[in-house]
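Structure record follows, encoded as structure tokens.
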């Protein structure tokens, strides 16, 4: 079995193109295009096509083949279907793009998200994983113990008052960690209760 367990089917297009087919011809046509999708093509051999459509060779040659051949470009060795070839090409291109981006390991995404603001849940997402917001025993950001002087309070004076910041980088913090102010820790803790 191929790596294509599903295929797109544009119902309006299908019905518009096949309105003249009988019920048996619809079934045979669907079996042919499904086999084409899975195998990547159809043989030009009448015996094989009769087996694919689950009909007798005589019924295939006499009734089904004449009705369905117009949907395909028939050569000496294969039957080709324009729409399915286009869909297979789109799928192959998408698969190749995903392989290229997957081989990069998300490096571009991770490098652009180093300093995202923390989420309201008290956790921070750094692309490859979610880490808790933590403190480094500086008295600035442990949600369980509030200090009297937070990072924002000390830096508020340096900036001349104004709006306080609740998140600050901390020297000595491990990569992926953010130190938060005691003010923010208290605010988060009160909203979680």
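The values are calculated or read from the model by the stated rules, or taken from the named source; none is laboratory data. Note that this is a predicted model, so its numbers are computed, not measured. In this analysis, Cβ positions are derived from the backbone assuming ideal geometry, glycine residues included, and neighbour counts consider all displayed protein chains.
Candidates in region 25-53 are the residues that are assigned to a loop (DSSP other than H, G, I, E, B) and without any contact (Cβ under 8 Å) to a residue 40 or more places away in the chain; of these, the one that is farthest from residue 75 (Cα to Cα) is 53. When we screen 22, 75, 56 for residues that are over 36 Å from the mean Cα position of the chain (by Cα) and in contact (Cβ under 8 Å) with a residue 40 or more places away in the chain, the only hit is 22. Here are the criteria: (1) within 17 Å of residue 70 (Cα to Cα); (2) modelled with pLDDT under 95. Tell me which single one residue 27 does not satisfy. Going through the list (1) within 17 Å of residue 70 (Cα to Cα); (2) modelled with pLDDT under 95, residue 27 breaks only (2). For region 79-94, what are the residues that are in contact (Cβ under 8 Å) with a residue 24 or more places away in the chain, in a helix (DSSP H, G or I) and either within 22 Å of residue 46 (Cβ to Cβ) or touching a strand residue (DSSP E or B) at 6+ places or on another chain (Cβ under 6 Å) (or both)? Residue satisfying the conditions is 84 alone. Quick check on residue 9: is it exposed (fewer than 15 other Cβ atoms within 10 Å of the Cβ), outside any helix (DSSP H, G or I) and free of Cβ contacts under 8 Å to residues at least 12 places away in the same chain? Here the answer is yes, as residue 9 does meet what is asked.
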